[in-house]
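> Pasting a structure below so you can have a look.
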Amino acid sequence: YHWLGYPRIVPLLAAWLVSRLSARVGAGIESAERRVLASEEQFRALIEGAPEAIFIEAAGKFVYLNPAAVLLFGAPDHEALQGKEFMSLMAPESQAAIRERIRAQNETGRAVPLMEMVYLRMDGARVPVETMAVPFQYKGQDAHLMFVRDISARKQAEAEREKLQAQFLQSQKMESVGRLAGGGAHDF
């Protein structure tokens, strides 16, 4: 074999094979990285474009807010809320329920059901909301992924309906009193 040049060809052949395999593996890794980046961009576009407020709370602070959450809290931008104490924007009457939900979620590792509560805007205005939380790992730490829907319009419509119903009941009472008075006057 020595006279055929195998000792010289083997290292050259090995180097050629290694370079070909490296090129294929490298191309596969690049392709996988591109797919991951495209998936990440698509996910970010979905979250950023969501009509409902979505934010992440970790260690009692806001660590991520989508544009709808920034709008819900009345902040000029997400930097105004980033790192801010999450409970500082929860209405005092909602804080005990929120703490209980966080405790239950930390113990069970499960999502908590939809619940109505009141949040505060940065200017102190009250916002009735429906919220749901899911346990979440964010940058290696335990966190809560929050989905929040502003229900101000629904609450206002309910209040209007109750007001109209009260007015209707009052008019029925007045009509009944009028009939009674009219019947009594007729009998007299």
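The values are calculated or read from the model by the stated rules, or taken from the named source; none is laboratory data. Given the structure is predicted, the values throughout are model-derived calculations rather than measurements. Heads up, the Cβs are rebuilt from the backbone with ideal geometry, glycines too, and the neighbour counts pull from every protein chain shown. The area values use the complete protein model at the heavy-atom level, side chains included, leaving out ligands, DNA and RNA. Shrake-Rupley method; radii C 1.70, N 1.55, O 1.52, S 1.80 Å.
> Going by the structure shown, is ARG44 without any contact (Cβ under 8 Å) to a residue 12 or more places away in the chain and within 17 Å of the chain's Cα centre (by Cα)?
yes
> Restricting attention to the range 136-181, report how many residues are of a type outside the set (Gly, Ala, Ser) and under 23 Å from ALA69 (Cα atoms).
17
> Here is a further query. Consider SER88 carefully, then state whether it is more than 19 Å from the chain's Cα centre (by Cα) and in a helix (DSSP H, G or I).
So SER88 fails the test.
> Kindly check whether there is at least one residue in the range 132-139 that is open to solvent by 80 Å² or more (accessible area, probe 1.4 Å), within 22 Å of GLU48 (Cβ to Cβ), out of contact with any Cys (no Cβ under 8 Å at 6 or more places or on another chain) and part of a strand (DSSP E or B).
Yes, some residue in the range 132-139 is open to solvent by 80 Å² or more (accessible area, probe 1.4 Å), within 22 Å of GLU48 (Cβ to Cβ), out of contact with any Cys (no Cβ under 8 Å at 6 or more places or on another chain) and part of a strand (DSSP E or B).
> Test GLU116 against the stated conditions and say whether it is charged (D, E, K, R) and free of Cβ contacts under 8 Å to residues at least 12 places away in the same chain.
The answer is no for GLU116.
> Another question, then. Restricting the range 140-163 to residues that are in contact (Cβ under 8 Å) with a residue 60 or more places away in the chain and out of contact with any Asp or Glu (no Cβ under 9 Å at 6 or more places or on another chain), which is most open to solvent (accessible area, probe 1.4 Å)?
ASP142
> Can you give me the number of residues within the range 33-73 that are in a helix (DSSP H, G or I) and open to solvent by less than 40 Å² (accessible area, probe 1.4 Å)?
The total comes to 5.
> Continuing with this model, one more query. Report, by residue number, each residue of the range 98-130 that is open to solvent by less than 50 Å² (accessible area, probe 1.4 Å) and either under 17 Å from LYS61 (Cα atoms) or touching a helix residue (DSSP H, G or I) at 6+ places or on another chain (Cβ under 8 Å) (or both).
Within the range 98-130, ILE98, ARG101, ILE102, GLN105, VAL112, MET117, VAL118, TYR119, LEU120, VAL127, PRO128, VAL129 meet the criteria.
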